[in-house]
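One structure is given here, and the rest of the page talks about it.
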Amino acid sequence: MAENIEAWWSRRQRSKGTLMPYEIGTYRGDWERYPVLIRQYHPELNHHITLTQIPPAAEVYLLWQCDTGHLFVATPEEQRSRPGRTRRRSSWCPECTALAVPKRSTAARPAATPDRPARQAARAPDGVFAGDAFVSPRAPRPASAAEARLRQLLAERLAVDLSVNAVKTSRPFFTHVEVWPDIVIPELRVAIEYDTVGRHGLEHVGKREETDRRKDRLLRAVGWEVVRIRCGKLHPLGPFDLTATNVSDRLIDRLLDTLRVIRGDLIVNAYLTPSIPSRRQTGPQVALHPPLTAD
């Protein structure tokens, strides 16, 4: 059962037999992926204990303050999982969320009838089977200039079709039986995702991280592999994920090496454009454990 910060800290001091059960910085790697929470946490409001001294799974009530000034109490787990599917900055604060979301009608939803069938997952076009890549009118446009730059540099290095934007799955992903990776390479059956926390620190963290994992599982279930380029403090999710600080030629080199590991250098090198230096065709120089890191 969760307890207040002073009681929790005192109990940890007794159990560990020291005045400093957790040194400052112990859990820095766990919290650095959540820049919004770093801003909301204030040691002076929490018995002068820093956020990096608190385990993410600790059952302790912490006092947080949002950018608007609202004070609210939440455990680390509650706060880390709060964004959910909402893309508003207010998602990190329960009071801001309550003010931002209009109340829904309590009227019962009409039951399904022959004239009003129950909602079903949208289907892919006829003739498209699980594992097929295709152009979907439902897919969103590229979300950032960095993603567009990544696509451009990759097109300069690989003679592949980057016009497709969707992969048919065997099971629904929310309301569609298809997923929309940032970049789809049908020739290699590899999907590339470019992940950042976004402007408000809401993307690819908390519950959204589990959504990413679910999407990756659906792709792998139909014979595809996924490479996520994780930016900032985001940690790799899969065995082939890369960490990076920006989009550069060096990142493309590392991405090509990773593709060689996944599909083999013979196949990947067959798609290299003539402008690729011969030294890049000698095969991969990639260490997968631990995952690749940026220079």
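Results, tabulated for the structure shown:
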{"quantity": "Matching residues in the range 240-266 - criterion: being over 17 Å from the mean Cα position of the chain (by Cα) and under 18 Å from VAL184 (Cβ atoms)", "calculated": "VAL247, ILE252, LEU255, LEU256, THR258, LEU259, ILE262, ARG263"}
{"quantity": "Residue within the range 231-240 that is surrounded by 18 or more Cβ atoms within 10 Å (Cβ to Cβ), modelled with pLDDT of 90 or more and under 21 Å from ALA133 (Cβ atoms) present", "calculated": "yes"}
{"quantity": "Matching residues, the range 30-52, being assigned to a helix (DSSP H, G or I), open to solvent by less than 40 Å² (accessible area, probe 1.4 Å) and either aliphatic (A, V, I, L, M) or more than 16 Å from PRO94 (Cβ to Cβ) (or both)", "calculated": "TRP31, VAL36, LEU37, LEU51, THR52"}
{"quantity": "Hits in the range 187-242 (condition: part of a helix (DSSP H, G or I), in contact (Cβ under 8 Å) with a residue 40 or more places away in the chain and within 27 Å of LEU158 (Cα to Cα))", "calculated": "LYS215, LEU218, LEU219, ALA221"}
{"quantity": "Top-ranked residue of the range 5-28 - restricted to ones that are open to solvent by less than 60 Å² (accessible area, probe 1.4 Å), assigned to a helix (DSSP H, G or I) and in contact (Cβ under 8 Å) with a residue 12 or more places away in the chain, ranked as nearest to GLY198 (Cα to Cα)", "calculated": "ILE5"}
{"quantity": "Residue within the range 13-28 that is of a type in the set (A, V, I, L, M) and touching a strand residue (DSSP E or B) at 6+ places or on another chain (Cβ under 7 Å) present", "calculated": "no"}
{"quantity": "Selection within the range 53-65 - closer than 18 Å to TRP92 by Cβ and among the polar types (S, T, N, Q)", "calculated": "GLN65"}
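The values are calculated or read from the model by the stated rules, or taken from the named source; none is laboratory data. Everything numeric here is computed off the predicted structure, so don't read it as measured data. Counting neighbours? That spans all protein chains shown, and the Cβs are built from the backbone with ideal geometry, glycine included. Note: areas computed on protein heavy atoms with side chains; ligands, DNA, RNA excluded. Shrake-Rupley method; radii C 1.70, N 1.55, O 1.52, S 1.80 Å.
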